[in-house]
Amino acid sequence: MHIRKTTLLIPAFIFCSMLLLGQQAVVPAGGEASGEGGTVSWSVGQVACHEWTSSMGQTTEGVQQPYEILLNDVPELENDSICLVYPNPTTGKVTVRFYDNSHKDGSYCLYDPEGVLLRKSVNDGNEFSISFDNLQPTVYYLVILENSRPVKTCKIIKQ
């Protein structure tokens, strides 16, 4: 009879101890903030995340979500056969060089990390430079246009 009680108590103990550790996670940083509205505990790092997909769409559940800029009016074009954009990353200026001589209307649009248009310029010739001297170090989105049509989109890192 004594063995049966022990056999029943061990699974019950394991189950209860699992309930006590339900909110435990290993995160790189965290803390607690309080103010007039109350107190909140916070952590840096994704504790739990799940993605739900249905015929209506997709959503991601979790505390921290990825931050990504999508320029809806500009197609994502990685066409390396049209032109060369260098250096990337840059500290001062970026050069755009078309591969052949048929590009008479080389222009560009430069967007900040939040998708706001910073500059738009039309340049004659097969090569032109874009100055990043007065811009903060971050990621910028450069859209190269030919005859007012986008031919290449690239991320430029300003150091």
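The values are calculated or read from the model by the stated rules, or taken from the named source; none is laboratory data. Just so it is clear, the model here is predicted, and its values are computed rather than measured. For neighbour counting, all protein chains shown are included, and Cβ atoms are generated from backbone atoms with ideal geometry for every residue, glycine included.
Numbers for the structure displayed
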{"read-out": "Some residue of the stretch 106-123 being assigned to a strand (DSSP E or B), at pLDDT 85 or above and either of a type in the set (Gly, Ala, Ser) or touching a helix residue (DSSP H, G or I) at 6+ places or on another chain (Cβ under 9 Å) (or both)", "value": "yes"}
{"read-out": "Test: residue 94 is in a strand (DSSP E or B), among the aliphatic types (A, V, I, L, M), free of Cβ contacts under 8 Å to residues at least 24 places away in the same chain and over 13 Å from residue 82 (Cβ atoms)", "value": "no"}
{"read-out": "Scan of the stretch 124-135 for residues that are aliphatic (A, V, I, L, M) and not in a strand (DSSP E or B), ordered by number", "value": "135"}
{"read-out": "The lone exception for residue 101 - which of (1) loosely packed, with under 11 Cβ neighbours inside 10 Å; (2) modelled with pLDDT of 80 or more it fails", "value": "(2)"}
{"read-out": "Enumeration of residues in the stretch 15-48 that are surrounded by 10 or more Cβ atoms within 10 Å (Cβ to Cβ) and either outside any strand (DSSP E or B) or modelled with pLDDT under 65 (or both)", "value": "25, 27, 45, 46, 47"}
